[in-house]
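Reading through the structure tokens given below for one structure.
The values are calculated or read from the model by the stated rules, or taken from the named source; none is laboratory data. Predicted model only: the values in this text are computed from it and were never measured. In this analysis, Cβ positions are derived from the backbone assuming ideal geometry, glycine residues included, and neighbour counts consider all displayed protein chains.
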Amino acid sequence: MFLGLPYVLAEYRNVEEDTMQQTLVLINPNAASGRAETIWQRMSAHVEAQMGALQVVITQQPDDVARYVDEAQQNGMTHILAVGGDGTNHALINALAIRQAQHPDEPLPIGGTIPVGTGRDWARTLNIPFKPEAIGTWLAQAQVKQVDIGLLHYSTDDGQTCQRYFLNVASSGLGGEVVARVNRTRRRRPWTFLKSTVSTLFAYDPIPMRVEVDGDVWYDGDSYIVAVANGTTFGRGMKVAPHAEIQDGLLDVILVEGMSRFSALKALPSLYNGTHLNHPRVQWRRGKDIKIITSGSLDVELDGEYVKGTALHFSVCPSMLRLLV
């Protein structure tokens with residue numbers, strides 16, 4: 001997990017103090033079970049060959065990321081690359097989006113991700129290669145596009161109103177509990193997400209909820225999960241929203257109705273190829289404004305980061321950020 005860890009800062013020796021840097025690289029050293037810096041060393045020359053001189057910092061606190069975004073903009077940097085998993089990318093996107101909302105007339109650096117984390121699901125949406133030696137080739141052909149961003153407003157149990165941006169997928173109910181389990185795992189393996197999903201299914205009961213999409217009541221009943229998707233993939237390769245597009249000004253909403261645990265487990269493999277949308281207990285539509293109303297708090301994950309709240313209100317921010325895709 002990226003958020004909430006101690007702060008560390010380092011600058012690599014290849015950065016000249018008197019050189020105006022164009023690309024800032026943010027590394028989460030805890031990504032990839034603590035191997036992020038080692039992986040970065042294998043790819044840094046490939047990145048520098050495409051991006052020019054780099055300023056590299058190691059940081060783990062979201063407030064530090066926001067500060068670096070501010071400094072990067074003030075210093076005229078053109079790009080910011082996040083090296084880590086989906087949580088690292090989530091912190092960067094929130095910092096960029098908040099800055100954009102506060103200063104809409106000021107051009108922001110272009111954001112990008114270099115995947116070295118556990119899930120790497122935004123990278124799967126964009127087909128970014130995982131091999132360090134291939135990242136330079138991807139950067140060479142990547143295009144800058146105006147990308148939609150998701151926004152969640154919610155209330156905490158103590159009555160506070162909060163908001164959080166998300167880039168890829170947000171999910172409530174079972175998805176939030178799965179991520180809570182994953183984030184409690186000290187050392188993550190390729191099967192950690194799947195194991196946590198199966199374990200959660202055995203213990204989780206569908207929750208009564210009402211879901212409104214663009215002002216209309218779309219669903220009212222028991223549900224395991226509601227995923228609100230900008231990207232296609234979550235849970236380390238589950239194609240929850242195979243038709244989602246990052247530039248259509250819409251969010252894909254996928255809802256799994258209540259069913260027996262056996263039926264849910266039997267349908268689980270279809271998530272990996274996107275055919276779950278054909279299941280009679282799975283509903284899917286698109287919208288710009290989604291509200292989830294329940295009698296109590298829901299577990300929620302946004303790009304793999306956990307929150308808990310009520311009165312969930314999702315909306316799309318069309319073409320909000322410039323990203324490498």
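Looking at region 27-39, which of its residues are in contact (Cβ under 8 Å) with a residue 24 or more places away in the chain and either outside the structural domain of Ile128 (by TED's automatic domain parsing) or in contact with a Pro (Cβ under 8 Å, 6 or more places away or on another chain) (or both)? Show your work before the answer.
First, the residues of region 27-39 that are in contact (Cβ under 8 Å) with a residue 24 or more places away in the chain: 27-33, 35-36, 39.
Hits for region 27-39 are Ala36, Ile39.
For region 85-94, enumerate the residues that are out of contact with any Ser or Thr (no Cβ under 7 Å at 6 or more places or on another chain) and modelled with pLDDT under 90.
Filtering region 85-94 down to residues out of contact with any Ser or Thr (no Cβ under 7 Å at 6 or more places or on another chain) leaves 86-88, 90-94.
Asp86, Gly87, Thr88 - these are the residues of region 85-94 that are out of contact with any Ser or Thr (no Cβ under 7 Å at 6 or more places or on another chain) and modelled with pLDDT under 90.
Do you know which residues across region 65-87 are outside any helix (DSSP H, G or I) and crowded, with 18+ Cβ neighbours inside 10 Å?
Passing the criteria: Met77, His79, Ile80, Leu81, Ala82, Val83, Gly84, Gly85.
Working only within region 129-165, note down all residues that are among the small types (Gly, Ala, Ser) and touching a Phe, Trp or Tyr at 6+ places or on another chain (Cβ under 6 Å).
Step one: filter region 129-165 for residues among the small types (Gly, Ala, Ser), giving 134, 136, 140, 142, 150, 155, 159.
Hit for region 129-165 is Gly150, nothing else.
Has region 158-165 got at least one residue that is closer than 20 Å to Phe234 by Cβ, without any contact (Cβ under 8 Å) to a residue 40 or more places away in the chain and of a type outside the set (Gly, Ala, Ser)?
No: region 158-165 contains no residue that is closer than 20 Å to Phe234 by Cβ, without any contact (Cβ under 8 Å) to a residue 40 or more places away in the chain and of a type outside the set (Gly, Ala, Ser).
Which residues, taken from region 211-257, are of a type in the set (D, E, K, R) and touching a Pro at 6+ places or on another chain (Cβ under 6 Å)?
So the first thing to find is which residues in region 211-257 are of a type in the set (D, E, K, R), and the list is 212, 214, 216, 220, 222, 236, 239, 245, 248, 252, 257.
Answer for region 211-257, where residues must be of a type in the set (D, E, K, R) and touching a Pro at 6+ places or on another chain (Cβ under 6 Å): just Asp222.
Go through region 1-28 and report how many residues are at pLDDT 50 or above and either crowded, with 20+ Cβ neighbours inside 10 Å or not in a loop (DSSP other than H, G, I, E, B) (or both).
Kept after step one, since they are at pLDDT 50 or above, are these residues of region 1-28: 22-28.
Imposing the further condition that a residue be either crowded, with 20+ Cβ neighbours inside 10 Å or not in a loop (DSSP other than H, G, I, E, B) (or both) reduces the set to 23-28.
Going through region 1-28 one residue at a time, the tally reaches 6.
Across region 175-226, which residue is surrounded by the most Cβ atoms within 10 Å (Cβ to Cβ) among those that are of a type in the set (Phe, Trp, Tyr) and within 22 Å of Tyr272 (Cβ to Cβ)?
Phe193
The conditions are (1) assigned to a helix (DSSP H, G or I); (2) surrounded by fewer than 22 Cβ atoms within 10 Å (Cβ to Cβ), and Ile135 fails exactly one of them. Which is it?
Tallying (1) assigned to a helix (DSSP H, G or I); (2) surrounded by fewer than 22 Cβ atoms within 10 Å (Cβ to Cβ), Ile135 fails exactly one: (2).
Are any of the residues in region 97-117 closer than 17 Å to Ala170 by Cα and in contact with a helix residue (DSSP H, G or I) (Cβ under 8 Å, 6 or more places away or on another chain)? Give the steps one after another, and end with the answer.
The initial filter retains those residues of region 97-117 that are closer than 17 Å to Ala170 by Cα, namely 97.
From what is left, the residues that are in contact with a helix residue (DSSP H, G or I) (Cβ under 8 Å, 6 or more places away or on another chain) are none.
Within region 97-117 (the criterion being closer than 17 Å to Ala170 by Cα and in contact with a helix residue (DSSP H, G or I) (Cβ under 8 Å, 6 or more places away or on another chain)), the answer is no, since none of the residues qualifies.
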